[in-house]
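Worksheet: the structure to be examined is printed underneath.
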Amino acid sequence: MRSELRLGLICGFSAYMLWGLLPLYFRLLDHIEPEEMLVHRILWGLPTALLFITVAARWKDLRAALTGRRLFYLLVSALLIAVNWLIYIWAVSQERVTEASLGYFINPLVSVLLGMFFFSETLRKAQWAAIAVAALGVGVLTWELGRLPWVSLALCFSFASYGAVRKKVQIDSRIGFAIETAILFPVAFIWLAWFQTTSDGTWLGDGWSDWLLLPLAGPITAVPLILFALAAKRLKLATIGMMQYLTPTMQFLIAVVVFREPFGPVDAVAFGLIWAALAIFTTDSVIGDRKARRLARAAELNP
């Protein structure tokens, strides 16, 4: 195996595993309100991002990224990722990690749907079938809960929309993350300063464990993004597409096995439909990728 491919696989698996383990981190801090946890994720995220940019000597690229058009898109993406983070933190604190994992299983299908609406991408028949089967799975879960699984839907649509907006910018993930957290930083700092005036207000949690864990909110957010960027440069999109299911799978297993969240027969049917949809979608993506490569090779041989 080539060293570049090996490095890409290591970085990709590491990124998705770190994202998959996030529920364990947030459960350790579930005594902290979700909005306060979000603020710490932003406040510690910015210095972490700036540190990585310094190490990589990318300050010139950061300055070049500060154009009006890019800042507008990054403002929108910053708001979307902040909403996504807040809902996810809340879901962990409310013991709804299973529902959250479902959102990230659905995410690739929603991304394809948004690609059709905003980038005029054409959906193949198999992709439409996958979306229909996934919608049926969401319908089954809605019937069981007696309401829409809004956590799943909010997470997948906010993250898919975030990806769509970031696709418009075409910027290094480290620089994009730094600008996004810089945009959110003043609001987060003002909120935390106000929080100190309340009876429950503290700057850094309560006790030595919080003092150790809260500063990690920056690295646990930034490091997977950087690892993912390194992997994306070295791996095929089809490989990245297959690997992305590692994160919701780990979150699902943590929810059911570690956190002991309820998972009954109807849940199994709903998740089974979602997994079937993903199987259809992934198979079609792999076949489509191979066909595209064959056509590209044929075009090179017969110009």
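Among the helices (runs of 4 or more DSSP H) confined to region 135-248, the ones with at least 3 residues that are surrounded by 16 or more Cβ atoms within 10 Å (Cβ to Cβ) are located at 150-169, 173-195, 217-234, 237-243. Taking helices (runs of 4 or more DSSP H) as the structural unit, no element lying wholly within region 27-118 holds at least 1 residues that are of a type in the set (D, E, K, R), touching a strand residue (DSSP E or B) at 6+ places or on another chain (Cβ under 9 Å) and at pLDDT 95 or above. A count restricted to region 125-184 and to residues that are farther than 20 Å from ALA277 by Cα and among the aliphatic types (A, V, I, L, M) stands at 11.
Quickly run through region 264-288 and pick out the residues that are under 19 Å from LEU145 (Cα atoms) and either surrounded by fewer than 17 Cβ atoms within 10 Å (Cβ to Cβ) or among the polar types (S, T, N, Q) (or both). GLY264, PRO265, VAL266, ALA268, VAL269, GLY272 - these are the residues of region 264-288 that are under 19 Å from LEU145 (Cα atoms) and either surrounded by fewer than 17 Cβ atoms within 10 Å (Cβ to Cβ) or among the polar types (S, T, N, Q) (or both). Just checking, does region 83-91 include any residue being closer than 30 Å to ARG260 by Cβ, surrounded by fewer than 21 Cβ atoms within 10 Å (Cβ to Cβ) and either over 15 Å from the mean Cα position of the chain (by Cα) or among the charged types (D, E, K, R) (or both)? Yes, some residue in region 83-91 is closer than 30 Å to ARG260 by Cβ, surrounded by fewer than 21 Cβ atoms within 10 Å (Cβ to Cβ) and either over 15 Å from the mean Cα position of the chain (by Cα) or among the charged types (D, E, K, R) (or both).
Checking VAL258 against (1) within 26 Å of LEU18 (Cβ to Cβ); (2) crowded, with 16+ Cβ neighbours inside 10 Å; (3) modelled with pLDDT of 90 or more; (4) not aromatic (Phe, Trp, Tyr): exactly one of these is not met. Which one? (2) is the only condition that VAL258 fails.
A single entry from GLU95, GLU36 fulfils the requirement of being touching a residue at least 12 places away in the same chain (Cβ under 8 Å), in contact with a Leu (Cβ under 8 Å, 6 or more places away or on another chain), surrounded by fewer than 22 Cβ atoms within 10 Å (Cβ to Cβ) and under 26 Å from TRP211 (Cβ atoms): GLU36.
The values are calculated or read from the model by the stated rules, or taken from the named source; none is laboratory data. These numbers come from a predicted model, not from an experiment. All Cβ positions, even for glycine, are placed from backbone atoms using ideal geometry, and neighbour counts span all protein chains on display.
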